[in-house]
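The values are calculated or read from the model by the stated rules, or taken from the named source; none is laboratory data. Everything numeric in this text was worked out from a predicted model, so none of it was measured. All Cβ positions, even for glycine, are placed from backbone atoms using ideal geometry, and neighbour counts span all protein chains on display.
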Amino acid sequence: MTRAIAILGSTGSIGRSTLDVVDRLDGALRVAALAAGSNLALLAAQVEKYRPALVSVGGRGDAEKIRSAARRFGARVVHGAEGAAEVARVDGVDIVVSAITGMSGFGPTLEAVRAGRRVALANKESMVVGGELLRREADRAGARIIPVDSEHSGVFQCLAGVKRRHVRKVILTASGGPFFRTPLEEIGGKSLEEALRHPRWVMGRKVTVDSATMMNKGLELIEARWLFDLEPSELEVLIHPQSAVHALVELRDGSLLAQLSAADMRIPIQYALTWPDRRDSALPRLDLSRLRRLEFHRVDERRYPIFALARRALFAGGSLAVALSAANEVAVAAFLEGRILFRDLHAVVAAVVEPHRARPADSIEAIQDIDAEARREARRALPQR
């Protein structure tokens, strides 16, 4: 049976990989709707190839630019936050791939959950800022959230058939990013180009910077708490430079379950789209005979001080996770634009997180208010250079 999918963030790294999986599965999936930002040339090519019925772009002007091309293929064009939300809840869709980066992906993800869809979740910030709300709405609507991040997909696979009471600890792995072996005194002065040179994964610019600071892993800890109904004390991160083992689950009897695969995002994407089935594919295989060693290291919080802030938010819960995510988005955007240095990333996030007074974040309105407040504070904390 052909499943209809909608992709939020179709021109980004995850969106493009998802469409590659669609091609490889040869008719098992049909693209019903696409949402993208401002990469109109690529979006137009996707519309021409996949003929979705609904397309959303970032702004009204972009909608006018793509509308004539989309009409040739029978696609209706919408725009803005409401346009992305419409893609998320459009009738006839079985699976929504949530891959819009940052807080802007939360609203559409919530819409998909409330519509009772299966959500293939690649937008970690949605679960970070609103995990409790998303879980509540998923239970109410009968939605299923399946993670796309390689680490969370690994946990999801390891937990299949495992009773919750048998789980002692869930361990996410991290590559360590480009600066894992860099002398501590040199890290603060690293350039944007160096921060974007990830040793293992090809990802979007924002998440690649997050990998360099290990913020991505901090966010993933908070995400895992809500995805798998875990206590903060049951979560751990180990640095694993080979990126072959994506996650481990330690059981009460001392057994360890691990999920391994090649470092290719299309593998967890395909699993999220075809679950509970496993389909043949021509995706890369992991050749264990070529692995000379598997290293695992504790996280050094002197090297990754932002990770320590994320751990604090994990245990605190509530509004602190929202403030953390918002401040980080402001800081990373400034770094990507060349307005601050790598060392400033931690300083900006800390300026928001450390004085933050926790309060409930149990509705989308509360989350949006906390997010807006934290962004204002982060902008004020940006150093003037």
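Remark: pairs (first residue in region 83-97, touching a residue at least 60 places away in the same chain (Cβ under 8 Å); second residue aliphatic (A, V, I, L, M) and part of a helix (DSSP H, G or I); Cβ separation under 7 Å; 6+ apart in sequence or on different chains) = ALA88/ALA112; ILE95/LEU273; VAL96/ALA88; VAL96/ALA112. On the basis of being part of a helix (DSSP H, G or I) and of a type in the set (S, T, N, Q), does SER56 make the cut? So SER56 fails the test.
Which residues, counting only those in region 157-166, are under 24 Å from the mean Cα position of the chain (by Cα) and either farther than 19 Å from LEU134 by Cβ or in the same structural domain as SER126 (by TED's automatic domain parsing) (or both)? If you could, list the steps in order and put the result at the bottom.
Applying the first criterion (under 24 Å from the mean Cα position of the chain (by Cα)) to region 157-166 yields 157-160.
Matches in region 157-166: GLN157, CYS158, ALA160.
Can we say GLY161 is out of contact with any Gly (no Cβ under 9 Å at 6 or more places or on another chain), in a loop (DSSP other than H, G, I, E, B), under 23 Å from PRO276 (Cα atoms) and small (Gly, Ala, Ser)? Spelling it out, GLY161 is indeed out of contact with any Gly (no Cβ under 9 Å at 6 or more places or on another chain), in a loop (DSSP other than H, G, I, E, B), under 23 Å from PRO276 (Cα atoms) and small (Gly, Ala, Ser).
Evaluate the following for LEU314: is it touching a residue at least 40 places away in the same chain (Cβ under 8 Å) and out of contact with any Lys or Arg (no Cβ under 6 Å at 6 or more places or on another chain)? Yes, satisfied.
I'd like the residue in region 74-92 that is in a helix (DSSP H, G or I) and among the hydrophobic types (A, V, I, L, M, F, W, C) and, out of all such residues, is surrounded by the fewest Cβ atoms within 10 Å (Cβ to Cβ). The qualifying residue surrounded by the fewest Cβ atoms within 10 Å (Cβ to Cβ) is ALA81. Within region 50-60, identify whether any single residue is among the basic types (Lys, Arg) and free of Cβ contacts under 8 Å to residues at least 60 places away in the same chain, and answer yes or no. Checked region 50-60: at least one residue is among the basic types (Lys, Arg) and free of Cβ contacts under 8 Å to residues at least 60 places away in the same chain. Residues in region 29-39 that are out of contact with any Gly (no Cβ under 8 Å at 6 or more places or on another chain) and modelled with pLDDT under 95: ASN39 only. Answer yes if at least one residue in region 352-373 is assigned to a helix (DSSP H, G or I), modelled with pLDDT of 95 or more, over 20 Å from SER126 (Cβ atoms) and not assigned by TED's automatic domain parsing to the domain that holds GLY130, and no otherwise. For region 352-373, residues assigned to a helix (DSSP H, G or I), modelled with pLDDT of 95 or more, over 20 Å from SER126 (Cβ atoms) and not assigned by TED's automatic domain parsing to the domain that holds GLY130: absent. Just one of (1) free of Cβ contacts under 8 Å to residues at least 40 places away in the same chain; (2) in a loop (DSSP other than H, G, I, E, B); (3) among the hydroxyl-bearing types (Ser, Thr, Tyr) fails for SER211. It is (2). Contact annotation: residue pairs with Cβ atoms under 9 Å, 6 or more positions apart or on different chains, pairing a residue in region 223-235 that is among the charged types (D, E, K, R) with a partner that is modelled with pLDDT under 95 and not in a helix (DSSP H, G or I), are GLU223/ASP149; ARG225/GLY317.
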